[in-house]
1. Report, by residue number, each residue of the range 597-617 that is closer than 15 Å to His457 by Cβ and assigned to a helix (DSSP H, G or I).
2. Looking only at the range 147-173, count every residue that is polar (S, T, N, Q), open to solvent by 30 Å² or more (accessible area, probe 1.4 Å) and out of contact with any helix residue (DSSP H, G or I) (no Cβ under 7 Å at 6 or more places or on another chain) and tell me the total.
3. Filter the range 565-581 down to the residues that are open to solvent by 10 Å² or more (accessible area, probe 1.4 Å) and either in a strand (DSSP E or B) or under 25 Å from Pro464 (Cβ atoms) (or both) and list them by number.
4. Taking the range 553-571 as the search range and keeping residues that are within 16 Å of ligand 2 (Cβ to nearest atom) and modelled with pLDDT of 85 or more, which one is nearest to His331 (Cα to Cα)?
5. Among the residues of the range 334-353, which ones are of a type in the set (S, T, N, Q) and in contact with a helix residue (DSSP H, G or I) (Cβ under 9 Å, 6 or more places away or on another chain)?
6. Could you list, in sequence order, all residues of the range 276-315 that are of a type in the set (A, V, I, L, M, F, W, C) and over 28 Å from the mean Cα position of the chain (by Cα)?
7. Please specify each residue of the range 515-568 satisfying the condition of being within 16 Å of ligand 1 (Cβ to nearest atom), of a type in the set (Val, Ile, Thr) and over 13 Å from Phe482 (Cα atoms).
8. Can you find a residue that is away from ligand 1 (no atom under 16 Å from the Cβ) and open to solvent by 60 Å² or more (accessible area, probe 1.4 Å) anywhere in the range 218-229?
Amino acid sequence: MSSPIEYLKGVGPLRGDLLKKELNIFTFGDLLEHFPYRHLDKTKITPIAQVNMSMDYVQVAGRLTDFEIIGERKGKRLVAHIRDSSGSMELTWFQGINWVQKMMAIGEEFLVFGKLGFFMGKPQIVHPELEVRTQANAVGKSLLEPIYPTTEKLKVRGLNGRSIAKLTAVLLPQIHVKDLPENLPESIIKELKLPSRYEAYCHIHFPSEQSQFDNALRRLKFEELFFAQLRMGMIKGNRHRFSKGIVFDKVGDIFNDFYNHHLPFQLTGAQKRVLKEIRQDTARGHQMNRLLQGDVGSGKTIVALLTMLLAADNGYQSCLMAPTEILAQQHFNSLSNLLKEMNVSIRLLTGSTKKAEREKILNGLQSGDIQLLVGTHALIEGVVQFKNLGLAIVDEQHRFGVAQRAELQTKATIPPHVLVMTATPIPRTMAMTAYGDLDYSVMDELPPGRKPITTVHRYETARPSIMDFVKQEIAKGRQAYFIYPLIEESSKLDFENLMKGYEEVKAFFPEPAYYISMVHGKQKPEVKDTNMMRFKTNDTQIMVATTVIEVGVDVPNASVMVMESAERFGLSQLHQLRGRVGRGSEQSFCILLTGQKLTNDARERLKIMCATNDGFLIAEKDLELRGPGDIEGTRQSGMLNFKLASIVQDKDLLEIAKNLSDRLLQDDPDLSSAENLLLKSYLLLKKGKTEWSRVA
Ligand code: ADP
Ligand code: MG
């Protein structure tokens with residue numbers, strides 16, 4: 001398995017170098033793991049009359065009726081026809097004419113395979129593979145021929161998708177059962193009716209029929225999913241059993257005083273449940289590492305605050321981090337407001353905190369005078385030292401990476417508890433794979449009294465009547481957002497669009513009857529903040545903004561959102577943006593404005609948005625439409641980089657893998673039983689080889 005690839009017959013130094021550079025194939029084992037992306041089916045013979053444009057490769061069989069050599073020099077070619085009982089087809093050769101000519105025997109029966117082309121509406125094959133038909137291949141061959149991913153440079157060296165199969169064909173007979181020892185326990189193989197590991201590798205390359213391939217693929221996909229689940233399950237289990245953690249064992253005066261006298265509303269059932277989970281986590285003496293998912297508006301902030309008060313009751317400091325200045329500021333304002341009658345010290349630290357103030361805060365953190373710190377990620381830069389940080393809360397986790405999490409660990413001798421909050425609903429399958437090592441809570445309940453947002457799709461042409469509608473809403477005392485796509489902050493065209501939009505909105509809503517705020521990514525933070533604050537305090541009735549407004553901004557009085565060029569937004573983003581309205585008790589509206597021309601995908605997105613307010617459903621659809629690679633924040637995670645399995649198409653298999661892994665670890669958390677030894681040694685073998693284990 002570890003033999004250098006250039007030693008394989010048919011490779012050599014030149015191709016060897018290219019295989020390394022182009023496909024990362026260094027060894028025999030690497031080539032074995034270079035899986036075909038499809039197979040050519042040579043087991044079937046298609047009647048010529050049924051050959052049609054939807055096919056790419058076909059196999060036909062028939063008698064040679066005629067052939068001739070036509071054209072001169074470069075145009076010289078051999079053209080032949082074969083006929084079966086249903087029709088006739090043209091075959092053409094430009095090269096090797098002499099050799100082909102020797103095979104041409106009128107009346108002889110041939111088996112013909114090749115890439116189908118059409119010339120003047122008639123099917124033909126250029127340079128087909130040609131074999132005399134015998135008893136052995138009379139009804140086709142017992143072979144599905146693999147085609148492999150390749151690159152232009154390899155093609156030049158004679159290694160196209162099909163010729164790589166010649167290498168795997170040389171390789172496979174040299175690989176033996178002992179090279180691919182079983183890594184799954186007998187019981188699982190039996191339960192799931194999986195082929196052995198060795199068989200699976202043989203059949204994924206060269207199956208003799210479709211079902212063999214299907215079984216091999218299922219086995220190898222299961223392996224990927226199962227070992228990923230097992231690794232994460234073990235990390236989680238080890239943390240639960242062995243990590244050191246600060247103990248928050250009492251609910252004290254601060255928490256109780258706030259809960260009984262200053263909480264402005266009753267907690268929802270979901271909020272209570274999550275708090276209970278957090279309390280259990282933090283009382284056990286092990287580090288909490290919990291992901292809290294709650295749809296926009298589900299009330300995560302208050303959960304964060306109560307958890308911080310719990311830390312304070314136990315004599316520990318806590319910090320809350322947000323991805324942007326606006327959000328940090330907003331959190332700070334709303335938390336300070338909630339705590340205004342209490343004797344809890346809370347400060348804001350961001351990139352733009354003035355030097356003198358900054359010094360004071362840094363001192364206060366070291367002395368322990370500051371109990372709660374709110375900030376942007378600037379907060380975890382090296383110079384910030386706490387006296388006794390006990391809890392770190394990260395809001396909108398998808399902008400917060402693994403590296404930052406690691407940095408946090410250096411802030412205290414016993415690592416602080418970590419609570420990561422996100423409003424981006426993550427489909428279950430994705431959460432299982434990307435965050436399977438974390439504990440995981442979902443807040444699936446909105447505070448009472450919220451009316452579902454009414455969402456409609458309108459074309460550009462309806463703009464005047466939409467403006468009238470917005471006017472009516474403002475006349476009732478409400479506020480409105482107009483959101484413009486600004487995919488990249490630097491895009492000049494988008495910026496011009498925004499300015500044009502602003503002028504347009506202004507023409508419909510002139511001063512002094514109306515005032516407008518505008519917020520975009522090119523503004524200085526102070527300007528942004530002033531504009532935000534004016535909207536929040538209802539000084540301005542309209543907010544014209546780009547997607548910078550996306551996460552977390554809270555203005556309950558805003559009840560209308562108009563999304564300009566809505567076809568340009570992704571589903572999850574549309575949902576996040578829409579979550580800016582519907583935060584108060586009034587009926588809210590979201591209007592998706594688009595041009596007339598829409599792609600099918602865009603149409604689908606708009607349809608889903610109009611049909612549901614359910615963030616999890618939308619996330620599922622988004623995952624289906626875009627695939628896991630594009631979902632924000634998971635791109636670099638590496639954990640989703642399965643070679644074969646897909647968390648979209650192989651949901652069921654993932655569920656099975658997860659259940660089996662949970663069951664197994666429950667009974668044998670260290671994998672020390674005889675039956676699980678295979679698993680353990682395989683995990684150890686793979687350790688350090690994957691992106692994943694580095695991240696973990
Ligand atoms: P998100 O989960 O999106 O961060 P927030 O924490 O900003 O949500 O809460 C959204 C709004 O709902 C805020 O105005 C907040 O005061 C309010 N809220 C939160 N919890 C409750 C509750 N249990 N009852 C009523 N209103 C609540
Ligand atoms: Mg929030």
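1. Those that are closer than 15 Å to His457 by Cβ and assigned to a helix (DSSP H, G or I): Asn600, Asp601, Ala602, Arg603, Glu604, Arg605, Leu606, Lys607, Ile608, Met609, Cys610, Ala611.
2. Matching residues across the range 147-173 total 1.
3. Answer for the range 565-581, where residues must be open to solvent by 10 Å² or more (accessible area, probe 1.4 Å) and either in a strand (DSSP E or B) or under 25 Å from Pro464 (Cβ atoms) (or both): Ser565, Glu567, Arg568.
4. This residue is Val555.
5. Ser334, Asn343, Ser345, Thr350, Ser352, Thr353
6. Step one: filter the range 276-315 for residues of a type in the set (A, V, I, L, M, F, W, C), giving 278, 283, 288, 291-292, 296, 302-306, 308-312.
Ala283, Ile302, Leu305, Leu306, Met308, Leu309, Leu310, Ala311, Ala312, listed by residue number.
7. Thr537, Val551, Val553, Val555
8. Yes, the conditions are met somewhere in the range 218-229.
The values are calculated or read from the model by the stated rules, or taken from the named source; none is laboratory data. As the structure is a prediction and not an experimental result, all values here were calculated from the model. Counting neighbours? That spans all protein chains shown, and the Cβs are built from the backbone with ideal geometry, glycine included. Quick note on the areas: whole protein, heavy atoms, side chains included, nothing else; ligands and nucleic acids left out. Shrake-Rupley method; radii C 1.70, N 1.55, O 1.52, S 1.80 Å.
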